[in-house]
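Inspection log for the structure reproduced underneath, given as structure tokens.
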Amino acid sequence: MTTHLIKGVSVLGGTPTDLVIRDGVIASGPAEGVEEVIEAEGLIALPGLVDLHTHLREPGREDAETVETGTQAAAIGGFTAVHAMANTEPVADTAGVVEQVWRLGREAGYCDVYPIGAVTVGLAGEKIAELGAMADSAARVRVFSDDGHCVSDPLLMRRALEYVKAFDGVIAQHSQEPRLTEGAQMNEGELSGRLGLAGWPAVAEEAIIARDCLLAAHVGSRLHVCHVSTAGSVELIRQAKEKGWNVTAEVTPHHLLLTDELAATYDPLYKVNPPLRSASDVEALRAGLADGTIDIVATDHAPHPHEDKDCEWAAAAFGMLGLETALSVVQQTMVDTGLLDWAGVAERMSYAPARIGRLADHGRPLEDGAPANIVLYDPKATRVVDGSETASLSRNTPYAGRELPGRVVATFLRGKATVLDGKLQ
Amino acid sequence: MKRHLLSAADLTREDAELVLSTADEMRSLADRPIKKLPALRGRTVVNLFFEDSTRTRISFEAAAKRLSADVINFSAKGSSLSKGESLKDTALTLEAMGADAVVIRHGASGAPHRLAHSGWVRSSVVNAGDGTHEHPTQALLDAFTMWRHLGPRNGGTLDGQRIAIVGDVLHSRVARSNALLLRTLGAEVTLVAPPTLLPVGVDTWGVETSYDLDGVIPKADAVMMLRVQRERMNGGFFPTAREYSRRYGLDGRRMATLQDHTIVMHPGPMVRGMEITADVADSDRSVIVEQVTNGVAVRMAVLYLLLGGSEPAHTEGDDL
């Protein structure tokens, strides 16, 4: 394995220093036997990013994304670990499917893939899947989610929260009250009324979050709230944390930047679940991420083939790409605004998601002896996002044509460069 | 005017008044033995209907034919929401056939907007009703009807005229377009509905709202009843059809509280006995049949103004 010397890099934005990567770990002592030197003046080193919410689409929808292309997109975006959501075809609700996804990730080699197991059989919300079998499988599943669907039955949710305590699992809930969102298309507000698109009220998210926090407290288990999108949700999670309940939460990059005003274009690129919300929600989400109420940023990277977005709004699929732009969006919304420093970014995009997912080899400080999972990032670069140039198989980025700050220069997975000079290796 | 008519909000007051005055000229054509103008000879108008709506389609068809346009009716029932051809492929097909204007009715809000702005077609797009969004030509024909009845006693405008729009505002494209257009024309609009059938954010529409029909209609100059679709019954928006009729239906007793000049309107199709009783629908105040006649004139005006450009609607010396 190549021994790298990264010269003059600013670890978490601190004083420039040198990093040596040898035998897959961050090495101490003199830089002996260096085979490749990376001049990294002006670059920031962050621990390899960890995504707790990725849709890799394989098995089943290889026309939208595969484990290989999805992990390539992840590496380009600075990620060294992604959690693959369970809503594949077949659903990842058995040990067999999660092991298949896990194995595909290992074969691809761009990024570690940690499968998420479905909470209920077939995501149908009726019967708990074999959570224990998935936890005990080679994929060692710790995160369980019916994402795309809410575990809306309160008794089923209670049982799932209780059951995963046996193997230190966590239920990652897609908080969407189904009856309150029948046919819903966009954030319910003044604009939905004007555009004639069925409204998706904030309360449909908040009611489930409130219930789940109470359930998690009652049974003493871990709850993770996926893609928080409203100011009211932030407030509920803040209250739960103040009570000492074991609740964590994520926000997506797009909910930190984009608002429901974009729906006025009727362009389904902006159709996503949960929907883009108002500017005041965006502000509350940023504040919540800054003060730690929201623990992490997770991409909810959701590839869709072109024809599923090149149509009328109601017919289009929900979801947008996120892996390749996440760090830039976080820089723009959180760092350049002064809400977070780079240590804060490392916490929210690497350390904390690795803790929630119970990953041992990811999300560790860049210290001697730690696995060399590193991203080198140039915060001074800018780029206009080209929607036709994605490592992902799909093109449904909501940022096409937008100027975003920053550029991932290199990504190392256990010392092996997956990206160098911004290009896949 | 803009190249497309997608929303009543696309129309300035000047645009809207131009449509009304042009429609007035077109309407007088209906009284002549030969009801046809050569204005759009050689132009092709496609009626692209993804939803059944016989009355709107034949209204547009009559309008285009009276302007001598070639008309193609394209009924694409089923739409891309099921497994049929996508909106995009349908649009590309029409483009290849050389349509000058596409009149589209679609179940998805914003479908006409997509058609106009996705680069699929170059033709003018006229929204003939999209989902629960808008139906701008319906609003224009409604305004035209009001203007003909109320204008003469109000200085030739709708300024300050009180219009009550009653019923399922939440799902009504007619109500949205009317609220926008009537405000542009200076009228004062009150939307009357049970709270469950008023959209969130209606307070930003620049209109009044009320839950109390009896409190509103004695002051109104026009009362427009909206159709209540049977499928709303199962949505729990109101308990029963009978209760809805008691609270929000227009019957003979309520009609007796109207001012002498007040007209009663309905975009059709009516559910007699639900939102309007037969004696009201068939009364002298009802202009419901006239709305249909005016629909053709207004749609002629819209097609003419979008496609005919700056040329006058009639030639010099024509006694139109």
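Each value in this text was obtained by applying a stated rule to the coordinates, not by laboratory testing. As the structure is a computational prediction, the values presented were derived from the model and not from experiment. As a convention, Cβ positions derive from the backbone with ideal geometry for all residues, glycine included, and neighbour counts pool all protein chains shown.
Tell me the Kirkwood radius of segment B:1-131: reciprocal of the mean inverse pair distance over distinct alpha-carbon atoms, in Å.
Details: mean 1/r = 0.0648 Å⁻¹.
It works out to 15.4 Å.
Compute the whole-percent fraction of alpha carbon pairs in segment A:309-395 spaced more than 18 Å apart.
Looking at segment A:309-395, the distances longer than 18 Å represent 60 percent of pairs.
Counting only the Cα atoms, segment B:134-203 fills a convex hull of 77 Å³ per residue.
A simple count of charges around A:Leu258, restricted to other residues whose Cβ falls under 15 Å of its Cβ and scoring Lys, Arg +1 and Asp, Glu -1, yields -3. Here is the P(r) of chain B: all C-alpha pair distances, binned every 20 Å from 0, give 33, 57, 10, 0 in whole percents.
Loop-located trypsin sites (Lys or Arg not before Pro) across segment A:243-327 with a Cβ neighbour count of 11 or fewer within 10 Å are A:Lys243, with loop assigned by DSSP. Angle of helix A:154-163 to the longest C-alpha principal axis of chain A, folded into 0 to 90 degrees and rounded to 10: 30°. Checking the cross-link pairs A:Lys241/A:Lys309; A:Lys165/A:Lys271; B:Lys35/B:Lys219; B:Lys2/B:Lys36; B:Lys2/B:Lys35 against a 30 Å limit on the alpha carbon distance flags A:Lys241/A:Lys309; A:Lys165/A:Lys271; B:Lys35/B:Lys219 as lying beyond it. Over all pairs of different C-alpha atoms in segment B:103-249, the reciprocal of the mean inverse distance, the Kirkwood hydrodynamic radius, equals 16.2 Å.
So what are the protein assembly as shown's ellipsoid semi-axes, whole angstrom, largest first, if each one is the square root of 5 times an eigenvalue of the alpha-carbon gyration tensor? Provide the component values of the computation, followed by the final result.
Numbers: eigenvalues 660, 165, 92 Å².
Whole-Å semi-axes of the equivalent ellipsoid: 57, 29, 21.
Per residue of peptide A:186-195, the mean number of Cβ atoms on other chains within 10 Å of the residue Cβ is 6. Sparse packing (at most 15 other Cβ atoms within 10 Å of the Cβ) combined with a DSSP loop state is found for the following GluC sites (Glu not before Pro) in segment A:173-273: A:Glu182. Against the compact-protein benchmark of 2.2 N^0.38 Å, the Cα-based radius of gyration of segment B:207-316 scales to 1.35. Quick check: Cα centre of segment A:15-68 to Cα centre of segment B:196-255, how many Å? Spelled out, the Cα-based centre of one part sits 62 Å from the other. Using only Cα coordinates, the Kirkwood hydrodynamic radius of chain A works out to 21.3 Å. If I take all pairs of Cα atoms in segment A:4-130, what percentage of them are more than 23 Å from each other? The answer is 46 percent, as a whole percent.
Model label sites at B:Met97 and B:Thr240, defined 7 Å from Cα along the beta-carbon direction, differ in position by 4.9 nm. Taking chain B as a Gaussian network of alpha-carbon nodes connected by springs under 10 Å, the highest mean-square fluctuation of the residues B:Asp212, B:Asp221, B:Asp168 belongs to B:Asp212. Legend: calculated FRET efficiency, A:Ala166 to A:Lys243, from the Cβ-Cβ distance at R0 = 30 Å, rounded to 0.05, equals 0.80.
Return one number: the angle in degrees, 0 to 90 and rounded to the nearest 10, between the long axis of the Cα atoms of helix B:13-29 and the longest principal axis of the Cα atoms of chain B. The answer is roughly 80 degrees. Rounded to the nearest angstrom and listed largest first, the equivalent-ellipsoid semi-axes of segment B:57-148 from its Cα gyration tensor are 23, 17, 12.
Counting pairs of alpha carbon atoms under 8 Å apart in space and at least six apart in sequence, what relative contact order in percent does chain A give? Present the calculation step by step, with values, prior to reporting the outcome.
On the way: 1069 pairs, mean separation 83.4, N = 425.
Across chain A, relative contact order equals 20 percent.
Ratio of alpha-carbon Rg to the 2.2 N^0.38 Å globular estimate for segment A:150-295, to two decimals, please. Provide the component values of the computation, followed by the final result.
On the way: Rg = 15.4 Å, N = 146, 2.2 N^0.38 = 14.6 Å.
That works out to 1.05 for segment A:150-295.
Legend: mean number of C-beta atoms from other chains within 10 angstrom of residue C-beta atoms, peptide A:305-312, equals 5. Hey, what angle do you get for helix B:288-303 against the long axis of chain B, alpha-carbon based, 0 to 90 degrees rounded to 10? The angle comes out at about 30 degrees.
Each Cα pair under 8 Å and six or more residues apart adds its separation to the average, and for chain B the resulting relative contact order is 20 percent. Phi angles across segment A:98-111 convert, under the Karplus curve 6.51 cos²θ - 1.76 cosθ + 1.60 with θ = phi - 60°, into 3J(HN,Hα) values of 5, 5, 5, 5, 4, 5, 4, x, 5, 5, 5, x, 8, 5 Hz, Gly and Pro given as x.
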